[in-house]
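The values are calculated or read from the model by the stated rules, or taken from the named source; none is laboratory data. On a predicted model such as this, the values are computed, not experimentally measured, just so you know. Cβ: placed from backbone, ideal geometry, glycine included. Neighbour counts: every protein chain shown. For accessibility, only protein heavy atoms count, side chains too; no ligands or nucleic acids. Shrake-Rupley method; radii C 1.70, N 1.55, O 1.52, S 1.80 Å.
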Amino acid sequence: MSTLNPRDLIARSLGHMVDFGRTYGRALPEELARWHCYTLDGGHSILVVLDDGHLGDQPSREQIEDQLVAAPVKTVERTGWRLLDGFVVCKLPYDPDLGLVVPEGDEEYGEGAGDSEPPAAEPTMHALAVGEPYPHRVPWTDGQAETRITEHGVDFLLPLSRPTESEVHAFGKGNAEFALYPDDQFLLLLYRFSNPKNSRNPAASGPGISWSDAAWEYHRQAQGTMPPNPPRTPGGTFPIQLILIDADTNVVKALRLIAPTVDFADAVRAAVARQAGHAPAFPQTMEKIRALYARYPQSADLLPLCEARFEALRDGTAR
């Protein structure tokens, strides 16, 4: 086999979902340390070759690379591993619809693993849990999504009244599409969550969440406690934390961390900066939004007017 370069393979396998430069909070065995990576949706991980029983004793390089997945450090250490031509091979449970099955508590983000970066820079997913109440109880409106944009990334909260199993699956595991319509005083974030077709999982084959949209205003968020700063550095991506909440019970139904394409991330930054350059005008802004909705009553009608769009696929990639 050709010379093995873990960093190149990590970059090729995980793309924009990997955040290089992170270090783990304690020493790892040398063979694991070479394959350590930090993913936006899984935290501290090891890029391993998934052994599902069909790998064989002498797989080709192509077969090995087809089986590469990022698994939490704790999961790999607990399960054990073997080396194959420099790769870390691990037998882990994998569901074709859900992906890698990770034990609760194994995912580690920067703060929990002793990362050298300040805790405030980390997404807050580690503070939330599916099946537990959302920390801040508010009067949720069914289907009225909320967006928060900060220098660390974007929080996207979607409250649904008694969401169905297929809606929860589409939100947490399906394809997530977003589109951006910017204005001087607001932006509209269009979204859709869909389940893959022909799935063997009944919950994954039902209807998901059709196109809808959420309005966001720079000056309205600035009135609160979260400064609406553009997320991170231009030319790179940032995390979008997706939170699905049962609007009736305030219970978190699904959590997910995705990363937009660089083009979409830069479009968000430009939209935030555009609004920051204008003085607040709340009544006029509401009238502009109402007029836009009157002209385009269906969210999907706005798609041709959007300046950026991306789709996060269920395998962790984006396009």
Per-residue accessible area for T249 at 1.4 Å probe radius, Å² rounded to 10?
50
Net charge dipole size for the chain [Lys, Arg +1 and Asp, Glu -1 on Cβ; Debye, nearest 20]:
480
Of V268, V89, V101, the most mobile residue in a GNM of the chain (C-alpha springs, cutoff 10 Å) is V101
Total lysine pairs whose alpha carbons fall under 23 Å of each other in the chain (8 or more apart, or interchain):
6
On a C-alpha basis, how far is the centre of the stretch 212-234 from the centre of the stretch 70-86 in Å? Whole number, if you could?
40
Output the relative contact order of the stretch 1-86, whole-number percent, from Cα pairs under 8 angstrom with separation of 6+ residues.
27
When the accessible area of the chain is split by element with a 1.4 Å probe, what percent falls to carbon and sulfur?
49
What residue among G21, G99, G235 has the largest mean-square fluctuation in a Gaussian network model of the chain, using Cα springs under 10 Å?
G21
So how exposed is D57, as accessible area in Å² (1.4 Å probe, rounded to 10)?
140
Among T147, L92, A70 - extreme Cα towards positive end, dipole of the chain, charges at beta-carbon:
T147
Among P59, P231, M286 the positive-end extreme of the charge dipole of the chain (Cβ point charges)
M286
MRE, 222 nm, helices only [DSSP H, n ≥ 4, -39500 (n - 2.57), over the chain, to nearest 500]:
-6000 deg cm²/dmol
Spherically averaged projected area in nm², based on the convex hull that wraps the Cα atoms of the stretch 202-257
6.5
Springs between alpha-carbon atoms under 10 Å, Gaussian network over the chain: tell me which of L84, L257, L158 tops the mean-square fluctuations.
L84
Rounded tilt (10° steps) of 262-276 against the dominant C-alpha axis of the chain:
30
Loop-located trypsin sites (Lys or Arg not before Pro) in the stretch 1-36 whose Cβ has at most 13 other Cβ within 10 Å (DSSP):
R26
Under a point-charge model restricted to the Cβ atoms of Lys and Arg (+1) and Asp and Glu (-1), what is the dipole moment magnitude of the stretch 159-258 relative to its Cα centre, in debye to the nearest 20?
440
May I have the convex hull volume per residue, in Å³, for the Cα set of the stretch 190-319?
159
Give me the 1.4 Å probe accessible area per residue for the stretch 180-319, excluding ligands and nucleic acids, in Å².
47
Would you please give the FRET efficiency between D184 and V262, computed as 1/(1 + (r/R0)^6) with r the Cβ-Cβ distance and R0 = 30 Å, to the nearest 0.05?
0.80
Per the Cα gyration tensor, the chain corresponds to an equivalent ellipsoid with semi-axes, largest first in Å, of 37, 22, 19
Using only Cα atoms and rounding to the nearest 10 degrees, what angle (0 to 90) does helix 282-295 make with the longest principal axis of the chain?
80
Report V262's accessible area, 1.4 Å probe, all protein chains in place, as a number in Å² to the nearest 10.
60
